[in-house]
Amino acid sequence: MTPVRDDERGAIAVLVALLAVFLIGLSAFTVDLGAAYVSDRNLQKAADAGALAGAQTLTEYKGTCDNIRSNSAAVNAAHLAAIAVAKKNYPDVSWTEDTTAWKVSCDPQLKVVNVTFGNSGTTDAQFTGVFGGQDKVTTNRQAQATVDVAPTAKENVRPLALCSAAFASAPTNGDFVQIYYPGGGFSPPPQCPTAGAAGNWWTLDCPNQPTGSTKELEDQIRDGCRDAVTVVPGQGDATTPGELTITLEAACDTGPSGDGACMGGDPGGIDSGQIASAWKDLVMTEAESLFPVFCVEPQCSASTVEGSGTNATFPVYKMVAAVICGYRFSKNEKYFSTTGACAGNTFTGVGDPDNNQTNYIVIKYINSRTSGSYGESDCALGAECDGGMRRTRLTG
């Protein structure tokens, strides 16, 4: 019986040796495929970062999607930004751009600019080559990001309403505009002849902060609103000024809402307390600001402001991005800047009437990227409803 046992032991030894080779090979493939998986995931992160960087670069340019897509300087700047950021996120000598993927296109249905970017990288196979596998594993990854008009702002919103008739449609990036405010808080200025809210200077309370306090208003001007402000949804379905008026008013029929689409009036005068000092701080720091806009003729068929004083309601028609470059809230409360971001400002108060009824703020239109919701925007880039507020998102 002893020889039989020796034969069995020899067979087992051969089987173990064969299994060992198989297991080692399997382990080799597992290690190399794991490394390739990690490389693939890092390449996706790099592609995501590159596409988003390209989209963010395009937020600096004005106009319609077609204007942006046909702007070779803008597209080239976005491409260079995408490459630089992607390489930084995949710091390996094997990194290369997938040049066939790069594309800036328009989606007229979703009203967005699409930015597509791709890259590839190679991972050395440490073990599989020994077993007849590939010595290197190359993977390719792509990503898509979009640019559109943001419907929601979560930072830098200042509690002061602008009148839609006070500035041109589709504000031009870099333009300076002088926007008048009602003298004494009761009568609207010529720029906005049909909008009245007795006892209100078009100053607002931020969403969920309806205090009516002058000190609170000062803080909201300096720091921006705490909660998000949202453009009234559904405006894309309105095809006439009358329909737009109905949409805006219907959204605020029950008064100011917590979602920020209907902002309530604050009775604080724009020259009371330290409110002027708060605006001066923003001028001096060149802070980006977002202003809610309410609708009057000719954009709407009638003023959408209702009520008076603290009961005034301002449906948010759109948002405008700007830098504040000056103000005159009375003959004593005034300040202007013509340097830095406000270089070129010609509104300096020279020649103003010597009275307390000439009240205005000077803003410089800009494009501003802001965080917001993932809901669809009703506004196309470059349309009248586009106030320069931009949103970028990864979408693929």
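The values are calculated or read from the model by the stated rules, or taken from the named source; none is laboratory data. Owing to the predicted nature of the structure, the values given are computational and were not obtained by experimental measurement. All Cβ positions, even for glycine, are placed from backbone atoms using ideal geometry, and neighbour counts span all protein chains on display. Please note that ligands, DNA and RNA were not included when accessible areas were found on the heavy atoms of the full protein model with its side chains. Shrake-Rupley method; radii C 1.70, N 1.55, O 1.52, S 1.80 Å.
Mind listing the phi-derived Karplus ³J(HN,Hα) values for region 194-204, rounded to whole Hz, using 6.51, -1.76 and 1.60 with θ = phi - 60°, and x for any glycine or proline?
Whole-Hz 3J(HN,Hα) from phi for region 194-204: 9, 9, x, 8, 3, x, 9, 9, 6, 7, 10.
If we sort 93-101, 73-81 on the protection proxy, mean other Cβ atoms within 10 Å, highest first, what's the order?
73-81, 93-101
In sequence order, what are the phi-derived ³J(HN,Hα) couplings for region 386-396 according to the Karplus relation 6.51 cos²θ - 1.76 cosθ + 1.60 with θ = phi - 60°, rounded to whole Hz, with x for glycine and proline?
With coefficients 6.51, -1.76 and 1.60, one gets 7, x, x, 8, 10, 9, 10, 8, 7, 10, x Hz.
Which FRET efficiency value, to the nearest 0.05, is calculated for Asn140 and Ala198 with the Förster distance at 51 angstrom and r the Cβ-Cβ distance?
Computed FRET efficiency for Asn140 and Ala198: 0.20.
Per-residue accessible area for Glu306 at 1.4 Å probe radius, Å² rounded to 10?
80 Å²
Note down the accessible area of Trp201, probe 1.4 Å, to the nearest 10 Å².
30 Å²
So what are the ³J(HN,Hα) numbers for region 303-311, from phi and the Karplus equation (6.51, -1.76, 1.60; θ = phi - 60°), rounded to whole Hz, Gly and Pro as x?
Residue by residue, region 303-311 yields 5, 9, 7, 10, x, 8, x, 6, 8 Hz.
Considering only Pro315, Val229, Gly349, whose Cα is most displaced toward the positive end of the charge dipole of region 213-369, charges sitting on Cβ of Lys, Arg (+1) and Asp, Glu (-1)?
Gly349
What accessible area per residue comes out for region 298-396, rounded to a whole number of Å², with a 1.4 Å probe?
Each residue of region 298-396 exposes 39 Å² on average to a 1.4 Å probe.
Over 32 Å between Cα atoms: which of Lys215/Lys318; Lys62/Lys88; Lys87/Lys280 fall into that group?
Lys87/Lys280
Can you pull the accessible area of Glu384 for me, 1.4 Å probe, Å² to the nearest 10?
The accessible area comes out at roughly 50 Å².
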